[in-house]
Structures are given as structure tokens and as C-alpha cells.
Amino acid sequence: EEVADAGIPAASRKMASLSSPLRAIIRLRRRYRVQKKGRLHLQLPREKSAEIVHTRLLQRQLSLNRTGMYSPSMSFFNQTSFESSQYFTFDTSVEQYAMKKCRRKKSRRKSRMVLYPDKTKRYLPAEEKSKAKRCLFLLMAIIFFQILNAIENLDDNLQKYDLDGLEKTMHREVFGQKAAVESIVELLKDYLATHIHNKPLVISLNGPTGVGKSHVGWLLAKHFRSVMDNDFVLQYFVMHHCPNGVAPLTCEIDLSKKISDMVTRAEIEEKTPLFILDEVELMSPVLLDTLSRFFEPNQTNEFLNAIYILISNIGGGEITRFVIQNESAELLHQPRGAEELLSIIQPVLRNVHPLWKTADIIPFVLLEKTHIISCFLEQMRREGLYPDQKHIEHLANQLSYYTTGDKQYSRMGCKQVVAKVNL
């Protein structure tokens, strides 16, 4: 379109031929920088349609043709540089850019070169396997086998006392006291699992007369005499060992000597002695003070490894009233009912003597009429009598009962069963 005029002087024509390519190069560089800044600002290039790319190429070709009219050599240089240029193109897609960026990230992760502040490249030290891990695994294995060995020793110690057999016997021969029997066996299992303790085990069996407390004590004494020597079981009856007329100090010396001798011999043979103390409500304050000293946790080792069973009627009236008042709501068969009953009995026992503060109290509830019939049946079998059901019901009807709703509770429990069967 632009044609050189013949009237222009030769000097100005020569200057124009030199300045036009320079101006074209400057324009291209400016446009390149503007587009590069815009591309960096957007971070990801946008795809351009084929028509826009073709238009841009035509515009660049026209600008190069204009410069070629003034300087053929410069035109050839720019054309070859344009064809061979790899620094900037308009046909880069988003997928290619993302793939290149991902490759760069992967290559950076694999590289172990680190640029230090002094601008020198150094390699990270090679990773070495720590020997402390092996020691840690070995320590864990040793601890595991130690725990396993301890568990096996606990099982062996419990098997020596045969508490499973004791539980079966008590469930079979003690009627109407399932919760009490389970509590007693659970306490014995926890205590006899090891021979090292910080305090003796004190179990207090409390309830009204005839509900099976003394029978449980007799079963415990019989069982422990069979699994241990007879020398490590003591049944102490206050009315027999300390009758009326004997000085309390004499009874206190006798009881202290018996307990001390037994725990000393049991410690030598690594056994746990059993002391069954019946009729505790008849003990004098001197005897109760003596027992409380043996129950203390801060003693020598042999006095800590002992089991004391306290049997008394203290709290029997409170248990009777609680059972009669709450049977309609069946509160006794719920954990909340057992806790409420204990909260009633504990203050009564602690008012009698402080030794019950360290004892595990197990209440024995009233027996129903069906339990009395079971007591008659068992007693007749022991005597070798024919268990006639009608005869047993006739004998059971001769006893007195508390009546609440549709249930009847015996006033004297199974206390009179033996006399009725013998009669």
C-alpha cells in the first residue's frame, strides 16, 4: 500500500529504511511483554479458537512483509526467527500446561538437591535405618510375654482354690440369694488371683435371721478345708468361744493368738487363711477393736493376706422393711435398688463400730415361700425321707409370712425347717 515517492531525497529514504525495522521490533517486544504479563496474571492459559490464532498469524506476517519492503535481509532474519521461535506461542492448551506442571512437581519431589543460603547445591544425607526400632520391637515382645505369663499365673492360682466349683455348690444349696452368692464369688476371685495384697479382704454378710448367712459360712469353710489344709480355716462362734462370764480381755488374747499363729503359718506356705466369725453382733467392744486392728492396711505382709467373713443380724430390720416396701416396684432386681439398700445399711453398721468402714457389705434379703419349700425338700433328702410335695407344702404353710401383693416372705426364713422335718 505504501509506495516510495520518487520525489523523496535519497538520505531520508535511507533513514526510513533503517528506522522502520527497529520500530517494528520494538512494537513486537512490547506486545510480547504485555501478553506475557497477562498470561502470568491468569496463571493458566485460555484456549484460543483457530480463527483467532489464524488472524494473529496473518497480522504478524503483514508486519513482517512491511519491514521486508525496506530491508530484505532483516525480513528474512525475522521470518526465520519467528518460525524457529519456541519462547511464546498462542496454541498452548490447558491440558498440556497442566501436564508440564505436574511433571515439574514430580521431578522436584524426586530431587534430593537442596539450595543452601550460600547458593551452593548439596545433596541430603542418605537415610539410615534406626537400630532403636529393633530395640523397641524387642521390648514390646518381652512385655507381651511377661503379661501373658502373669495371666497364666493368675489362672493357676485361681484353679488352686477351685472357685468355680464353690460357685456351683453355693448356687445349688443356697436358696433365694443369687445376687449375694455372685458378689461373694466375685470378691474371692479378685482377691485370690494373686498372693500380694495391700489390705485383707473383709466380707460382711448381713440380713435377718434364717436367710442363709450361716449356711454360706459353713459352705465356705467346708470348701476351703478341702482345697487347703484344715489349719488355715477358723470358724469362730462367739457364744461358743467366748461365752457369758468369760472376761473380754481373755477372749481378746485368745482370738489374737489364733489369728497371728494362722497367718504366720499361711505366709510360710504361701496360702491365704480364712476366718469365719459368726454372731458378730454379740461380740464385745474389746473384740471388735481387736478385729479392727487386723483389718488395717498398714501392717506386715502376712496380716495383709487373709480373708475375714463377718456374719451378723445387724441391719436385718432395715433390710426387711426395704424388701416389703419396694417389692411391688421390683426395685431389688435392679442395680439402683441394690445401691439404695447398701446406702441404708452402711450407716447402721458404722454406728455400731468403725471396723465396717473397710468391709464389703453383702445384704441377704427375705426368702419367699417357694424358697422355703426348696429348703424343706433339700432337708428331707438329707434325712433320707421321701419328698412328698403335699406334705412339704403342708409343713411350709405352718410357718408365718409377710404378705405383700401376691408374694409371701418368711418371717424366720429356713430357721425352723430342720426342727419341722425332725418332728
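Taking a ≥ b ≥ c as the square roots of the eigenvalues of the Cα gyration tensor of the range 345-405, is the shape rounded (a/c under 1.5), prolate (a/b larger than b/c) or oblate? Here the range 345-405 falls in the prolate category. The residue 226 and residue 288 beta-carbon pair, evaluated with R₀ = 30 Å, returns a calculated FRET efficiency of approximately 0.45.
Which entries of 213/357; 357/407; 271/415 show an alpha-carbon separation above 31 angstrom in the structure shown? From 213/357; 357/407; 271/415, over 31 Å: 357/407; 271/415. Dipole size of the range 360-423 about its Cα centre, with +1 on Lys/Arg Cβ and -1 on Asp/Glu Cβ: approximately 160 debye, rounded to the nearest 20. Largest first, the three principal axis extents of the alpha carbons in the range 176-365 are 52, 41, 30 Å in whole numbers. Computed on the Cα trace of the range 285-423, the radius of gyration divided by the Kirkwood hydrodynamic radius gives Rg/Rh = 1.08. The residues packed around residue 297, meaning those with a beta-carbon under 12 Å from its beta-carbon, carry a net charge of +2 if Lys and Arg are +1 and Asp and Glu are -1. Remark: spin-label model distance residue 388-residue 400 equals 2.8 nm, labels positioned 7 Å along the Cα→Cβ axis.
A simple spin-label model places the labels of residue 145 and residue 265 4.1 nm from each other, with each point 7 Å out along Cα-to-Cβ.
Over the range 176-365, accessible surface divided per residue gives 45 Å², non-protein components excluded, 1.4 Å probe. Protein heavy-atom surface of the range 178-313, 1.4 angstrom probe: 56% of the accessible area is carbon and sulfur, with nucleic acids and ligands not counted. 3J(HN,Hα) couplings calculated from phi for the range 302-313 with the Karplus curve 6.51 cos²θ - 1.76 cosθ + 1.60 (θ = phi - 60°) are, in sequence order, 5, 7, 7, 9, 7, 10, 10, 10, 9, 10, 7, 8 Hz; Gly and Pro show x. Using the average count of surrounding beta-carbon atoms within 10 Å as a protection proxy, the listed peptides 338-347, 132-141, 175-184 rank, highest first, as 175-184, 338-347, 132-141.
Taking the dipole about the Cα centre of the range 176-365, with the C-beta of Lys and Arg at +1 and of Asp and Glu at -1, give me whichever of 273, 259, 313 is farthest to the positive side. After comparing all options, I get 313. Computed over the range 372-422, the quotient of the alpha carbon radius of gyration and 2.2 N^0.38 Å is 1.13.
The values are calculated or read from the model by the stated rules, or taken from the named source; none is laboratory data. In this text the structure is predicted, and so the values were computed from the model without any measurement. A quick note on method: Cβ atoms are made from the backbone with ideal geometry, for glycine too, and the neighbour counts reach across all protein chains shown. Side chains included, ligands, DNA and RNA excluded: accessible areas come from the protein's heavy atoms. Shrake-Rupley method; radii C 1.70, N 1.55, O 1.52, S 1.80 Å.
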